[in-house]
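Asks: I have a structure here, written as structure tokens, and I will follow up with some questions on it.
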Amino acid sequence: MALMSLSWCLSAALALFCVSSWTQVHSALAPENEVPLRPTTWFPEGKITSVTLPKGRTRRLYFTLKKKVPAMSVTVSPCDLPIEWSLSARTLKDKPLKSLQWSTKKSMPEVWWRGPGIEEKMHSFTGNAVDTYRGPSHPQASIYILRLRSKQQNSRATVYLHEGLGPSGAFPLLPADPRVHTLGVGMTSVTLSWAPSASITSLPQTQKSYDYCVLVNSQQNLPSVCAAQESIGKKKDQKQEKKERRRRVTVWPILKEWWWQQWDSYPEPQSPPSSLADDNADLQCVCQGTESVCTVSELLPDTQYYFDVFVIDRLNGTSMAYKGTFAQTHEEARPEIITLREGELRWVTFRDRGSNSEQFFSFRPRGWQQSGLLTLQSCGGGEKVKVTVSSKGQVLTSQAVGGDLVHIWLQGSSSYLIHLEREGTTTGQISAAADPALPGGLTASVKMQTSSAYHRRGVPSLPSTLQIKSFNRLRGCNSVTLAWMGTEERSLYCVYRRKLGDHEAEAGGASALTAPCLGPESRSDTERVLCKYFQELNPRRAVTTAVIGGLKPGMAYVFDVYLMRRWGIPIKYASKMVKTRKEC
């Protein structure tokens, strides 16, 4: 038992001595400011290398040049986010000891990094554009270090090393002016042009390894094809995420939780990274080919779009981006909106015979009640006219306008949009000469008036009939007696007369009557006979009469009665032709 205890003590002492001696040797070899390095990667020449950049971490790539290489070029292509990258040359004072034994297996660049030496920065760049360092090689450099870092979030980039003078040939060439120009902008289309790439113009027509790809979006310009693919991938991920959310919704929460725990326990297989040529199928190029002019159509009016042009090398799987542009499409042709004044009587005419015509008006009622009255009457014979009243994009009412007066009560809004549209002809075109209410050359006309109603609560009452009656027994040589229906509201009624000539009296009929749309504003003061107020609370008994004197025996007269109101268009009764007696 004592022998076994002594053996165990000797073994422990020997182990402590070995650990202590190794710690002293290792601390003597390692610098005081040594920082543990991430696994390092050699950077091959003549091969496009994709590098993943975790947020806030610096990735280092190492490479050496062949002997007697006079120059080199390093191209870094960020995907979509700005990155920082720099190129440095490190010169070692002493070559690393090959016989040196390390505690863990180290890569050769890390061994060189730990050794004493001098480092010189050759180039640095920050941004999301493709950047290339071209210059002579460092005469005393032992190793070159390429550092890449993404500050914002996880990203990726591609790097390419070329030894020697001249272009590498791995990337398409851009012209001296890489800007995309806008030739023309329309309401739904934009025409673009750009200087052609020498990679395309120098190739024979039989070789078609290069082509252009024009992309359009409404968010921002894209710095690279990789950024476009990332944008497409994000949209697909969002759609997939929505599908996953719908699929996870279930009425059995316990079963759902168990199922997804089992599902998540099996990791999905990782597909190998695809090349640019494989991903080009996802690019929705609005123009593709070798032409340096493109017209992008089917755009929305009054919308800003961003346009990017890429020249793609399908053989090498690389691309270069022109400097994108943006353009605002023209807005749709908005019709003129006429503001209607308070109580204004307006004639609306349609001159276009070939197609439907329309006009727009706006009205703002006065007073805090925000109520008003819109009165319309069609004077276009067989023309179909439709009125639509809307407010704040919502249609309040829509109806046809005919020869009878149309009253539309406006209430509850500070402004109204009135849309008048001529739809067509029902009884054929009526010439201007046949309708004295229409000036020459017009095919339809609507009489319209808008007025604020301060104290009213609805549409004013109308007479039960607009016919005028004459009494034959009360017809004399110098006077006639007329009667018409009134309303329960106190209103003013005005009577007008017009003497007919012998030819008009003999013809009679519609040609002798006054046009329905002609109001008192179009009549001469000499034609006005009388004006009287009338009111009857009982609508059935609302009949008023008037004796018109001062007439000549045996003459034909046309009498018109107008109901004059404070709001709306005056209401015209149907014209009545009466002939006085020759002998009494």
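Asks: log₁₀ I(q)/I(0) of region 468-579 at q = 0.16, 0.17, 0.20 Å⁻¹, via Debye over equal Cα point scatterers, no solvent, to two decimals?
Replies: Debye intensities relative to I(0), on a log10 scale: -0.74, -0.83, -1.12.
Asks: Among 224-231, 299-306, how do they line up from the highest to the lowest mean number of other beta-carbon atoms within 10 Å?
Replies: Values: 224-231: 20.9, 299-306: 13.9.
Final packing ranking: 224-231, 299-306.
Asks: Would you mind calculating the gained length between Glu331 and Val459 on full extension (0.36 nm times residue separation, minus the Cα-Cα distance), in nm to one decimal?
Replies: Values: separation 128, 0.36 × 128 = 46.08 nm, distance 3.90 nm.
Result: 42.2 nm gained on full extension.
Asks: Based on the Cβ-Cβ distance of Arg473 and Thr188, what FRET efficiency does E = 1/(1 + (r/R0)^6) give at R0 = 60 Å, to the nearest 0.05?
Replies: Details: r = 74 Å, r/R0 = 1.23.
E between Arg473 and Thr188, to the nearest 0.05, is 0.25.
Asks: Straight distance only, please: which lysines reach the Cα of Lys208 with their own Cα at less than 23 Å, same-chain residues fewer than 8 apart left out?
Replies: Once the sequence-local lysines are set aside, what remains near Lys208 is Lys47.
Asks: Counting Lys +1, Arg +1, Asp -1, Glu -1, what net charge surrounds Val309 among other residues with beta carbon under 15 Å of its beta carbon? Kindly include the intermediate steps, with their values, before the conclusion.
Replies: Details: positive: Arg179, Lys323; negative: Asp177, Asp211, Glu291, Asp308, Asp313.
Residues near Val309 contribute -3 overall.
Asks: Further question on the same structure: Per residue, what accessible area does region 468-579 have, given a 1.4 Å probe and all protein chains present, in Å²? Mind showing how you got there, number by number?
Replies: On the way: 5780 Å² over 112 residues.
Solvent-accessible surface per residue comes out at 52 Å².
Asks: Still on this model: Return the Rg/Rh ratio of region 115-225 with Cα-based radii and a Kirkwood Rh. Don't jump to the answer; show the numbers that get you there.
Replies: Working: Rg = 19.4 Å, Rh = 18.5 Å.
Value, to two decimals: 1.05.
Asks: Oh, and also: By the gyration tensor of its Cα atoms, with a ≥ b ≥ c the square roots of the eigenvalues, what is the shape of region 144-203: rounded for a/c under 1.5, prolate for a/b over b/c, or oblate? The partial results should precede the final answer.
Replies: On the way: a/c = 3.90, a/b = 1.46, b/c = 2.67.
Oblate, since a/c reaches 1.5 and b/c is not below a/b.
Asks: Over region 468-579, what is the relative contact order in whole percent, taking alpha-carbon pairs under 8 Å and six or more residues apart?
Replies: Values: 211 pairs, mean separation 45.5, N = 112.
Relative CO of region 468-579 lands at 41 percent.
Asks: Hey, another quick one. Between Asn217 and Lys67, what is the label-to-label distance in nm when each label sits 7 Å out along the Cα-to-Cβ direction?
Replies: With each label placed 7 Å out from Cα toward Cβ, I get 5.0 nm.
Asks: Taking 0.36 nm per residue of sequence separation and subtracting the Cα-Cα distance, how much length would be gained by fully extending the chain between Lys552 and Thr388, in nm to one decimal? Numbers along the way, then the final one.
Replies: Details: separation 164, 0.36 × 164 = 59.04 nm, distance 4.87 nm.
Difference between extended and current length: 54.2 nm.
Asks: Net charge near Lys151: determine it from the other residues with C-beta under 12 Å of the C-beta of Lys151, scoring Lys and Arg +1 and Asp and Glu -1. Could the numbers behind the result be given before it?
Replies: On the way: positive: Lys55, Arg57, Arg149; negative: Glu84.
Within the 12 Å Cβ shell, the charges total +2.
Asks: Below 13 Å Cα-Cα, how many Lys pairs turn up in region 468-579? Only count pairs eight or more apart in sequence, or on different chains, if you could. Can you show the working numbers first?
Replies: On the way: Lys469/Lys576; Lys499/Lys552; Lys499/Lys576; Lys499/Lys579; Lys552/Lys579.
Qualifying lysine pairs in region 468-579: 5.
Asks: Moving on. For labels at Gln140 and Ala400 in the simple 7 Å Cα→Cβ model, what's the distance in nm?
Replies: According to this spin-label approximation, the distance is 10.0 nm.
The values are calculated or read from the model by the stated rules, or taken from the named source; none is laboratory data. What you see is a predicted model, and the numbers here were worked out from it, not measured in a lab. We place every Cβ from the backbone using ideal geometry, glycine too, and count neighbours over all the protein chains shown. Quick note on the areas: whole protein, heavy atoms, side chains included, nothing else; ligands and nucleic acids left out. Shrake-Rupley method; radii C 1.70, N 1.55, O 1.52, S 1.80 Å.
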